[in-house]
Amino acid sequence: MQLEEKKALFTSCKAQYAAFQAENLKLDMSRGKPSPKQLDLTNEMITCLKEDDYLAQNGLDCRNYGCLDGLPEAKTFFAPMLGVSPDELIVCGNSSLNMMFWTMSLAMTNGVLGSKPWGKYDKVKVLCPVPGYDRHFAVSEYLGMELISVPMKEDGPDMDVVEKLVAKDDTIKAIWCVPVYSNPGGVVYSDDVVKRFAALKPAAKDFRIFWDNAYCVHHLTDNPPKPLNLLEEAKKVGNEDICYMFASTSKITFPGAGVAMMAASATNIASLKNALSFSTIGYDKMNQLRHLRFFGGKFESLIEHMKRHKELIAPKFAIVIDTLKRELGDLGIASWSEPVGGYFISFDQKGCAKRIVQLCKEAGVVLTGAGASFPYGIDPDDQNIRISPTFPTEEELQKAMEVFACSAKLAALEQELG
C-alpha cells in the first residue's frame, strides 16, 4: 500500500474498532475449553450407573479401596488411545497434567530408576518446543528447572537442535512434546521425527520424553494422520525406557471429571507404581466404571463419539480460518496455522502480539496472553497468539474474530505509521 492508502485504512479500522467497543462485548477465547454443547454429548454419563452397578468384571467393589493402577477392563479400554498394551498403562484420576506434574516432581525428589534425584543437581534443564503449551512450561518452571526453547518446524521439533543439545549436556533431563496437533500450532510429528526421538542418545541416562498425546483422537478430518507410536519405535532400538506417554478424556467426556492415563515401558511402570503406592490407594474406580458403561466398553464407540465433537467444532475452526483469510489474507502482515485436529490455531504477526491482545481486551474479547506459548511467557519476536475457537458459540466466535482481525490491522498500521 501507498502511504495515503495506509492512512485511509487506519481511519477506517479505527472507526470499526470504536463501533466494536460501543457494543460492550464480553467474549472469552482465553482457554481451549469444550463448549456447553460438547459437554451435553456426555450428559448420559451422569445417570448411566444404576444403584446396584458398582462391580468390576473381576468382582471388585469399585466403591471401595484398591486397584492402584486402574480397573483391568479400563486399562484394556484405554490402551488403544496410547497404542500400548494394558500392562503398560496406569489409569489415573481426572487430570493428565496432574500426572505429568507428579512424574516430573518425583524425578526431582527421588530420581529416575535409581538415578540421582534431579533436584540435587545445581541446575537441571528441560527442552521446550516453541510455540508450545504454557502449562507444560509452568510445571517445569515451578519445579525449578531451566527452560530451553527449541524451534518447532512443520513436522515437529527441530531434531537437529534436540539431538545436539541432549548429546552434549547431561543436565538436560527432559523434553515436552505434544505429538499430534501440537498446542498451539496443530503440528503432527512426522515418522522421521518420532523415529529420531525413539533413537535419542542423551548424555543424561535418566533423560525422559514427556509425550503428551492430549489430542490423539481430536480430529477435524475424516482421514486423520496416523503418526508412529513412540514407545513401539523405542522398543525397536532398545530404548524403551526413554519416554512417558500421557492422555486423558478431558476434552472427550467432562474436563472436570474425565479419566487420565499414562503409559511407559514395563520397567518404568513398575517403578512408577511403586512410588504411586505411597500417594494413593487407588483412583476413582466408579468414574472409570462410568466411562466404561457410557461407551459400552468399546473403544470404537469413543471414536464415534469424537465424530460428534468434530461436527460441533469443525465449523468454528472454519470461521476462524475464513475470517483471517478474508480480512488479512492479502495484506501480507500475518500467518496462521490451518490444523486438521486439536483445539487451537497458531497466529503470528511479528512485533504485534501484545498490542493485538490488548486491543482485543479493550474491545471486550479476552485472548490467551501474548507470549504464553514460550518459556517464561517471553516471545522474543512478540508475534505468536494462540486462538481457541471451541468454547464460544458460532455467532460469538464470528464477532470475536472480526474484532481480532480489526485489531491485527490496527496493530500493523500503528507499527507502519509510527
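The values are calculated or read from the model by the stated rules, or taken from the named source; none is laboratory data. Computed from a predicted structure; not experimentally measured. Counting neighbours? That spans all protein chains shown, and the Cβs are built from the backbone with ideal geometry, glycine included. SASA here: full protein model, heavy atoms, side chains in, ligands and nucleic acids out. Shrake-Rupley method; radii C 1.70, N 1.55, O 1.52, S 1.80 Å.
The table that follows gives values for the structure above.
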| item | result |
| --- | --- |
| Estimated dipole of the range 96-181 in Debye, rounded to 20 [Cβ of Lys and Arg +1, of Asp and Glu -1, Cα centre] | 360 debye |
| All Cα pairs of the range 110-205, percent lying beyond 22 Å | 28 percent |
| For the chain: rounded, prolate or oblate by the Cα gyration tensor [a/c cutoff 1.5] | oblate |
| Percent accessible area from carbon and sulfur atoms, the range 135-190, protein chains only, probe 1.4 Å | 48 percent |
| Nonlocal amide H pairs with residue 215, under 5 Å, H built at 1.01 Å | 180 |
| Trypsin sites (Lys or Arg not before Pro) lying in DSSP loop within the range 39-117, provided at most 14 other Cβ fall within 10 Å | 50, 63 |
| Unit charges on C-beta of K, R, D, E only; dipole of the chain, Debye | 580 debye |
| Protection proxy ranking, peptides 342-351, 112-121, 16-25, average beta carbon neighbours within 10 Å, highest first | 342-351, 112-121, 16-25 |
| Inter-probe distance in nm under a simple model that places probes 7 Å from Cα toward Cβ, at residue 284 and residue 326 | 4.1 nm |
| Amide proton proximity set for residue 366, modelled H, under 5 Å, gap of 5+ | 27, 28, 29 |
| Residue-level accessible surface for residue 219, protein heavy atoms, 1.4 Å, Å² | 50 Å² |
| For the chain, share of DSSP beta bridges that run antiparallel, in % to the nearest 5 | 45 percent |
| Under-5 Å amide H pairs with residue 383, H placed in peptide plane, nonlocal only | 351, 353 |
| For the range 202-347, size of Cβ-based charge dipole, Lys and Arg +1, Asp and Glu -1, in debye | 460 debye |
| The chain - mean residue ellipticity at 222 nm from DSSP helices (-39,500 (n - 2.57) per run, n ≥ 4, rounded to 500) | -13000 deg cm²/dmol |
| Proximal aspartates and glutamates relative to residue 350, as straight alpha-carbon distance under 15 Å, when same-chain residues fewer than 8 apart are discounted | 379, 381, 382, 414, 416 |
| Whether the range 1-148 is rounded, prolate or oblate, judged on the alpha carbon gyration tensor where a/c under 1.5 counts as rounded | oblate |
| Rel. contact order, % - alpha carbon contacts under 8 angstrom, at least six apart, the range 1-120 | 10 percent |
| List 308, 355, ordered by accessible area with a 1.4 Å probe, largest first | 308, 355 |
| Acute angle (nearest 10 degrees) that the helix 72-82 long axis makes with the longest principal axis of the chain, alpha-carbon atoms | 40 degrees |
| Neighbour cut-off at most 12 other Cβ (10 Å), DSSP loop, GluC sites (Glu not before Pro), the range 29-124 | 51 |
| Listed residues 210, 391 arranged by accessible area, highest first, probe 1.4 Å | 391, 210 |
| Lys/Arg +1, Asp/Glu -1 at C-beta; the chain dipole; positive extreme among 282, 413, 335 | 282 |
| The chain: relative contact order as a whole-number percent, Cα under 8 Å and 6+ apart | 25 percent |
| Links that overshoot a 31 Å alpha carbon limit, given the list 26/173; 75/164; 125/273; 37/235; 125/285 | 26/173; 75/164; 37/235; 125/285 |
| Crossing angle, helix 299-328 versus the chain [Cα axis fit, 0-90 degrees, rounded to tens] | 20 degrees |
| Per-residue SASA entry for residue 279, accessible area with 1.4 Å probe, Å² rounded to 10 | 80 Å² |
| Per-residue SASA entry for residue 170, accessible area with 1.4 Å probe, Å² rounded to 10 | 80 Å² |
| Angle in degrees between helix 353-362 and the longest Cα principal axis of the chain, rounded to the nearest 10 | 80 degrees |
| Extension gain, residue 354 back to residue 301 (0.36 nm per residue minus Cα-Cα distance, nm) | 14.8 nm |
| Mean separation of Cα contacts under 8 Å, 6 or more apart, over the residue count of the range 173-288: relative contact order % | 23 percent |
| Karplus-derived HN-Hα couplings along the range 280-292 (A = 6.51, B = -1.76, C = 1.60, θ = phi - 60°), whole Hz, x at Gly and Pro | 7, 8, x, 7, 6, 6, 5, 5, 4, 5, 4, 5, 5 |
| Sorted peptide list for 174-183, 123-132, criterion being average Cβ within 10 angstrom, highest first | 174-183, 123-132 |
| Surface per residue (accessible, 1.4 Å probe) for the chain, Å² | 43 Å² |
| The range 110-203 - share of DSSP beta bridges that are antiparallel (%, nearest 5) | 20 percent |
| Largest to smallest accessible area among 312, 89 [probe 1.4 Å] | 312, 89 |
| Whether the range 345-386 is rounded, prolate or oblate, judged on the alpha carbon gyration tensor where a/c under 1.5 counts as rounded | prolate |
